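The block underneath contains the structure these notes are about, expressed in structure tokens.
The values are calculated or read from the model by the stated rules, or taken from the named source; none is laboratory data. Remember, predicted model here, so these are calculated numbers, not experimental data. Heads up, the Cβs are rebuilt from the backbone with ideal geometry, glycines too, and the neighbour counts pull from every protein chain shown. What goes into the accessible areas is simple: the full protein's heavy atoms, side chains included, and nothing from ligands, DNA or RNA. Shrake-Rupley method; radii C 1.70, N 1.55, O 1.52, S 1.80 Å.
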Amino acid sequence: GEQEMYKIFEDVEYKTLKEGKSFVIKGIEYDSRKIEKDFVFVAMTGSAVDGHDFIQKAIDGGAKMIISGKNIDTGQYQSASDVTFIQVEGIRKKLGIIASNYYGYPQDKIKIIGITGTNGKTTSSFILENILEKTARIGTTGNRILDKEFETVNTTPESLELIKLIDKSVKSGADYFIMEVSSHALEIGRVDMLKFDSAIFTNLTQDHLDFHKTMENYFNAKKKIFSMLRNNKNHTGSGVINIDDEYGAKIYLENNAKNFISISVKNEDADIWGDILNYTNNGMKVKINLKNYLEKYGKNLKNTENVYRFEIDLVGEYNLYNILGCIASALSLGIEMDFIVKKLETMPAVPGRFETIKNDLDVRIVVDFAHTDDGLLNVGKTLKQITDNRVITIFGAGGDRDHEKRPKMAQAAIKFSDFIILTSDNPRTENPTKILADIEKGLIGEKFPFNRYLIIADRERAIKYGTRMLEKGDSLLIAGKGHETYQIIGTEKIHFDDREIVKEALETKIQRG
């Protein structure tokens with residue numbers, strides 16, 4: 001009969017290159033350093049290293065099965081008489097199924113929520129983990145299972161890591177697995193073995209074109225998530241789409257809206273739409289209208305009103321979109337609106353996203369992660385709306401990254417700033433002065449007055465200068481790093497926290513009077 005060890009190949013085409021001794025699999029790894037006795041080693045060609053070069057090392061480490069993407073000559077390896085060699089074409093795409101077979105499809109024992117889009121993924125996952133209880137999360141700011149945090153390498157890990165994390169989450173008793181899904185992961189098939197109970201599309205702006213080459217490819221990668229909604233007798237997954245975004249509107253039309261929830265702040269025909277009523281000291285008061293949603297999906301919803309008004313510690317239209325998406329997702333997962341509202345009202349602000357630094361000077365100081373022209377404009381427009389006097393903006397751009405966005409960031413900053421200080425972000429191995437000159441081109445091109453901006457390459461000096469300039473009713477926006485507590489200069493990471501520098505600057509400003 002078929003041996004136990006071949007069970008991992010269910011639903012996967014494979015070819016046995018050499019039959020070794022049968023054994024009970026103790027683990028699967030594609031990193032030869034993690035191989036132990038009776039493990040399976042998966043040899044993949046990565047962007048930096050080729051796993052095929054480490055097959056001998058894996059065998060020496062105790063691997064009893066080698067799965068390779070290519071047809072290899074098995075005779076070249078020492079002490080491999082017990083080792084089974086298997087070839088699987090396109091192994092990277094198939095690894096998710098192999099891992100799922102080994103771990104017993106943990107993704108079917110938990111509700112999975114995927115969030116995709118250019119902006120808003122991290123904030124949306126933060127809002128969702130505040131609404132839902134017993135959650136695990138993977139994304140830009142790290143991986144977490146219940147209250148344990150883990151380091152993260154990619155926004156969306158390799159399929160094998162993903163299955164391991166989901167398995168761990170299920171075993172830890174989590175009910176929901178919230179993940180930021182990058183378009184890159186969708187395109188290369190890292191999440192092919194998953195089904196989503198809820199998928200949120202936030203928006204699509206020009207980012208990551210170095211990988212996808214065209215907006216069209218990028219769009220097709222993003223859209224793929226909606227063909228992966230769960231569909232079984234217990235639960236039908238639903239898609240949440242921002243239809244104010246032109247790409248979102250396109251997806252919504254293509255999917256004829258079955259099991260889809262549209263959100264909007266402009267269009268009252270959307271299933272769920274929202275409005276900012278006014279800004280408060282710490283956030284804003286919003287109005288959420290569920291009338292269309294209730295008509296369409298509300299059959300089993302008890303005691304849900306058409307309209308809700310409440311206050312939250314987030315600001316800006318872009319955050320209203322994030323909130324609407326999370327409300328739609330939570331409702332589709334069966335959470336009651338009263339409960340959702342209560343959670344949103346008590347939710348803390350997101351670290352490093354429009355984070356306000358308290359002070360007694362009657363000024364508003366905001367530290368924000370915005371590092372694209374789109375992100376900067378969103379934050380800046382919001383700040384302008386709630387500022388009585390001037391908006392002073394400090395920002396830079398990362399080195400060794402997309403050069404074309406530099407002048408665009410300057411063009412965005414002009415739209416809301418009364419004074420601009422250009423400074424270093426993470427220069428990496430590029431000359432900071434050159435990066436700043438690239439940004440300055442955007443200011444000069446738009447004829448922004450010379451007496452309304454300064455270039456101070458040293459970020460600490462820039463922040464201290466900006467803080468000293470503040471007068472009553474002014475706002476200071478320090479953009480680009482947000483929650484990051486480091487600066488990358490050359491190839492070194494140096495401790496650096498915008499928020500700490502501001503607090504130091506405020507103390508000296510108060511002493512000087």
**Asked** Does Glu507 meet the test of being free of Cβ contacts under 8 Å to residues at least 12 places away in the same chain, part of a helix (DSSP H, G or I) and within 26 Å of Asn389 (Cβ to Cβ)?
**Response** yes
**Scope the range 306-325; condition open to solvent by 20 Å² or more (accessible area, probe 1.4 Å) and either in a helix (DSSP H, G or I) or at pLDDT below 90 (or both); matching residues** = Glu317, Tyr318, Tyr321
**Message:** I'd like to check something: does the range 462-470 contain any residue that is under 23 Å from Asp360 (Cβ atoms), touching a residue at least 60 places away in the same chain (Cβ under 8 Å) and in a loop (DSSP other than H, G, I, E, B)?
**Reply:** yes
**Asked** Pairs, please: C-beta under 9 Å, at least 6 apart or cross-chain, first residue closer than 16 Å to Asn101 by Cβ and in the range 27-47, second surrounded by fewer than 14 Cβ atoms within 10 Å (Cβ to Cβ) and charged (D, E, K, R)?
**Response** Gly27/Lys34; Gly27/Glu36; Glu29/Glu36; Phe39/Lys26; Val40/Lys26
**Request:** Identify the residue in the range 34-54 that is assigned to a helix (DSSP H, G or I) and in contact with a helix residue (DSSP H, G or I) (Cβ under 8 Å, 6 or more places away or on another chain) and, among all such residues, is most open to solvent (accessible area, probe 1.4 Å).
**Result:** Phe54
**Asked** When only residues in the range 332-347 that are open to solvent by 10 Å² or more (accessible area, probe 1.4 Å) and part of a helix (DSSP H, G or I) count, which is nearest to Arg230 (Cα to Cα)?
**Response** Ser332
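Here is a yes/no grid of residues against (1) closer than 15 Å to Leu194 by Cβ; (2) in contact (Cβ under 8 Å) with a residue 24 or more places away in the chain; (3) small (Gly, Ala, Ser); (4) open to solvent by 10 Å² or more (accessible area, probe 1.4 Å):
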site: Tyr103; (1), (2), (3), (4): yes, yes, no, yes
site: Pro106; (1), (2), (3), (4): yes, yes, no, no
site: Lys111; (1), (2), (3), (4): yes, yes, no, yes
site: Thr118; (1), (2), (3), (4): no, yes, no, yes
site: Thr122; (1), (2), (3), (4): no, yes, no, yes
site: Phe126; (1), (2), (3), (4): no, yes, no, yes
site: Glu133; (1), (2), (3), (4): no, yes, no, yes
**Asked** When you look at Thr387, is it open to solvent by 10 Å² or more (accessible area, probe 1.4 Å), under 21 Å from Gly445 (Cβ atoms), hydroxyl-bearing (Ser, Thr, Tyr) and touching a residue at least 60 places away in the same chain (Cβ under 8 Å), yes or no?
**Response** no
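Yes/no matrix, rows are residues, columns are (1) closer than 20 Å to Asp368 by Cβ; (2) of a type outside the set (S, T, N, Q); (3) out of contact with any Lys or Arg (no Cβ under 6 Å at 6 or more places or on another chain):
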{"position": "Gln385", "(1), (2), (3)": "yes, no, yes"}
{"position": "Phe395", "(1), (2), (3)": "yes, yes, yes"}
{"position": "Lys415", "(1), (2), (3)": "yes, yes, yes"}
{"position": "Phe419", "(1), (2), (3)": "yes, yes, no"}
{"position": "Thr423", "(1), (2), (3)": "yes, no, no"}
{"position": "Lys447", "(1), (2), (3)": "no, yes, yes"}
{"position": "Glu460", "(1), (2), (3)": "yes, yes, yes"}
**Fill in**
Of (1) surrounded by 21 or more Cβ atoms within 10 Å (Cβ to Cβ); (2) hydrophobic (A, V, I, L, M, F, W, C); (3) over 37 Å from the mean Cα position of the chain (by Cα), Phe23 fails just (1)
